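This is the structure I have questions about; it appears just below.
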Amino acid sequence: MAKQTVTTIVAAIIMTLSFTAHTFAGTHENLVRTYIKLSGFNDLISSFPDQLSSISAQRLLTSERPDLERKITTIMKESFDVKRAQESLFTFLLQNTQIDFLEKEVQWGETPLAKKIQAEETAASRPEAQAGLLRYMADLQENPPSEARIAIIHEFEKTTGLSDLSTQIIIEMMRGMIESANLALPEDKRQTQDQVEEEIEKIRPTLRDAMRENMILTSLYTYRNISDGELTQYIEFYKSDTGKTEIDISGKALAHVLKQWIVIVGEKITALAIDNSASTGTSL
């Protein structure tokens, strides 16, 4: 009888632990999904092909191989699978976040202030908002914001690191384009990895300055309906440990998604180059 009782207790403990582990995993997954929804990650990822087109258009102005650049851009855009990228983001966040961080993020994201700011950010990112942004920029000449407001926006840009994040996204796309173009060239005409990095590092400071200026100007427009006090609260969140962790994890998560995309592009270009060389004796 005693042996049966012990067996029953052990079985109950195992079932309880199994249920607890399953619940923990489910909670973590749900928190990641909620965090992604509140953060607007999926919308940002969906915009990658359009950002790539803008980068390509600028590179074509100075490119020595415009035809190859166009082919690479087409292959990159065709290789981008939004659903796969979003799944890659979800997996990365699930593996690289803790429950307590996500709970704090979700708690913040569901406050009235966070929802208000998210609504303004979403509205400002829509295509139809571009006309409003241009009008706002034109009006700044005659109706400039106060020095106090400008100072808050500068602090916002510095604290959130959005300029650095935007710069890194563009850098990763450019690196992908350069490396992909390399794969499409005969071996004797390819750049070394050091040459690729040197080219990128030459661009980085100018790009970073441009992104900082752009971020400050667009932030003036995006948060025009957010008071100084509300924006200060927003900044204080990003000065907290949770906010700093979000900045760090956001950069790593997006870099991961971009690198996964570039791997797929590289595999496709390599396969096309091999097929093309076998049939015609030439590269892409």
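The values are calculated or read from the model by the stated rules, or taken from the named source; none is laboratory data. In this text the structure is predicted, and so the values were computed from the model without any measurement. Using ideal geometry, Cβ is built from the backbone for each residue, glycine included, and neighbour counts are taken over all protein chains shown.
Restricting to the range 115-149, give me the number of residues that are touching a residue at least 60 places away in the same chain (Cβ under 8 Å) and part of a helix (DSSP H, G or I). Steps first, please.
To start, the set of residues in the range 115-149 that are touching a residue at least 60 places away in the same chain (Cβ under 8 Å) comprises 116-118, 120-122, 124-125, 132-133, 136-137, 140, 145, 148-149.
Next, from what is left, pick out any that are part of a helix (DSSP H, G or I): 116-118, 120-122, 124-125, 132-133, 136-137, 140, 148-149.
Residues flagged as touching a residue at least 60 places away in the same chain (Cβ under 8 Å) and part of a helix (DSSP H, G or I) within the range 115-149 amount to 15.
All but one of (1) closer than 30 Å to Thr27 by Cβ; (2) free of Cβ contacts under 8 Å to residues at least 12 places away in the same chain; (3) surrounded by 12 or more Cβ atoms within 10 Å (Cβ to Cβ) hold for Arg190, so report the exception by its number.
It is condition (1) that Arg190 fails.
Report yes if some residue within the range 73-93 is of a type in the set (Asp, Glu) and modelled with pLDDT under 90; otherwise report no. Steps first, answer last, please.
Initially, the range 73-93 is screened for residues of a type in the set (Asp, Glu), giving 78, 81, 87.
Of the ones still in play, those that are also modelled with pLDDT under 90 are none.
No: zero hits.
Is there a residue being among the small types (Gly, Ala, Ser) and farther than 29 Å from Arg204 by Cβ anywhere in the range 77-96? I'd like the intermediate steps shown before the answer.
Of the residues in the range 77-96, the ones among the small types (Gly, Ala, Ser) are 79, 85, 88.
This time we only want the ones that are farther than 29 Å from Arg204 by Cβ, so: none.
No, the conditions are met nowhere in the range 77-96.
Just to check your reading of the model, which residue among Met177, Met215, Met211 is in contact (Cβ under 8 Å) with a residue 24 or more places away in the chain and under 22 Å from Ile75 (Cα atoms)?
Numbers: Met215 fails: under 22 Å from Ile75 (Cα atoms); Met211 fails: under 22 Å from Ile75 (Cα atoms).
The unique qualifying residue is Met177.
Which of (1) under 30 Å from Gln191 (Cβ atoms); (2) at pLDDT 85 or above; (3) among the acidic types (Asp, Glu) is the odd one out, the single condition Asp43 does not satisfy?
Asp43 satisfies all of (1) under 30 Å from Gln191 (Cβ atoms); (2) at pLDDT 85 or above; (3) among the acidic types (Asp, Glu) except (1).
A further question follows. Can you say whether Leu52 is farther than 28 Å from Asp241 by Cα, surrounded by fewer than 17 Cβ atoms within 10 Å (Cβ to Cβ) and among the aliphatic types (A, V, I, L, M), as far as the supplied structure shows?
Working: farther than 28 Å from Asp241 by Cα: yes; surrounded by fewer than 17 Cβ atoms within 10 Å (Cβ to Cβ): no; among the aliphatic types (A, V, I, L, M): yes.
Taking the combined requirement at face value, the residue does not satisfy it.
Next up: Counting residues that are under 27 Å from Lys71 (Cα atoms) and among the aliphatic types (A, V, I, L, M), which helices (runs of 4 or more DSSP H) fully inside the range 155-259 reach at least 2? Don't jump to the end; show me each part of the working.
Working: elements: 162-184, 193-222, 228-239.
Helices (runs of 4 or more DSSP H) meeting the threshold: 162-184, 193-222.
State whether the residues of the range 11-31 include one that is aromatic (Phe, Trp, Tyr), more than 30 Å from Ser227 (Cβ to Cβ) and modelled with pLDDT of 85 or more. Let's see the steps before the verdict.
From the range 11-31, those aromatic (Phe, Trp, Tyr) are 19, 24; that's our starting set.
Filter once more, so that each one left must be more than 30 Å from Ser227 (Cβ to Cβ): 19, 24.
Remaining after also requiring modelled with pLDDT of 85 or more: none.
Looking for residues that are aromatic (Phe, Trp, Tyr), more than 30 Å from Ser227 (Cβ to Cβ) and modelled with pLDDT of 85 or more, one finds none in the range 11-31, hence no.
Given the conditions (1) modelled with pLDDT of 95 or more; (2) aliphatic (A, V, I, L, M); (3) out of contact with any helix residue (DSSP H, G or I) (no Cβ under 6 Å at 6 or more places or on another chain), which single one is not true for Ile203?
Going through the list (1) modelled with pLDDT of 95 or more; (2) aliphatic (A, V, I, L, M); (3) out of contact with any helix residue (DSSP H, G or I) (no Cβ under 6 Å at 6 or more places or on another chain), Ile203 breaks only (1).
Another question, if that's okay. Criterion first (in contact with a helix residue (DSSP H, G or I) (Cβ under 6 Å, 6 or more places away or on another chain) and closer than 26 Å to Gly229 by Cα) does Leu60 satisfy it? Walk me through how you get there before you give the answer.
Details: in contact with a helix residue (DSSP H, G or I) (Cβ under 6 Å, 6 or more places away or on another chain): yes; closer than 26 Å to Gly229 by Cα: no.
It is false that Leu60 is in contact with a helix residue (DSSP H, G or I) (Cβ under 6 Å, 6 or more places away or on another chain) and closer than 26 Å to Gly229 by Cα.
Here is a further query. Residue check: is Leu162 on the phi < 0 side of the Ramachandran plot and surrounded by fewer than 18 Cβ atoms within 10 Å (Cβ to Cβ)? Please lay out each step first, then the result.
Working: on the phi < 0 side of the Ramachandran plot: yes; surrounded by fewer than 18 Cβ atoms within 10 Å (Cβ to Cβ): no.
No.
Being touching a Leu at 6+ places or on another chain (Cβ under 9 Å) and either over 14 Å from Lys37 (Cβ atoms) or among the basic types (Lys, Arg) (or both) is the filter here, so list the residues in the range 102-114 that pass it. Give the derivation first.
Going through the range 102-114, the residues touching a Leu at 6+ places or on another chain (Cβ under 9 Å) turn out to be 102-103, 105-106, 108-110, 114.
Across the range 102-114, the qualifying residue is only Glu103.
Does Asp228 count as touching a Lys or Arg at 6+ places or on another chain (Cβ under 8 Å), modelled with pLDDT of 95 or more and surrounded by fewer than 18 Cβ atoms within 10 Å (Cβ to Cβ)?
Working: touching a Lys or Arg at 6+ places or on another chain (Cβ under 8 Å): yes; modelled with pLDDT of 95 or more: yes; surrounded by fewer than 18 Cβ atoms within 10 Å (Cβ to Cβ): yes.
Judged against the criteria, Asp228 is a match.
For (1) loosely packed, with under 13 Cβ neighbours inside 10 Å; (2) at pLDDT below 90; (3) charged (D, E, K, R), each residue gets a yes or a no:
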| position | (1), (2), (3) |
| --- | --- |
| Tyr234 | no, no, no |
| Asp241 | yes, no, yes |
| Lys244 | no, no, yes |
| Ile247 | no, no, no |
| Ala255 | no, no, no |
| Gly266 | no, yes, no |
| Thr280 | yes, yes, no |
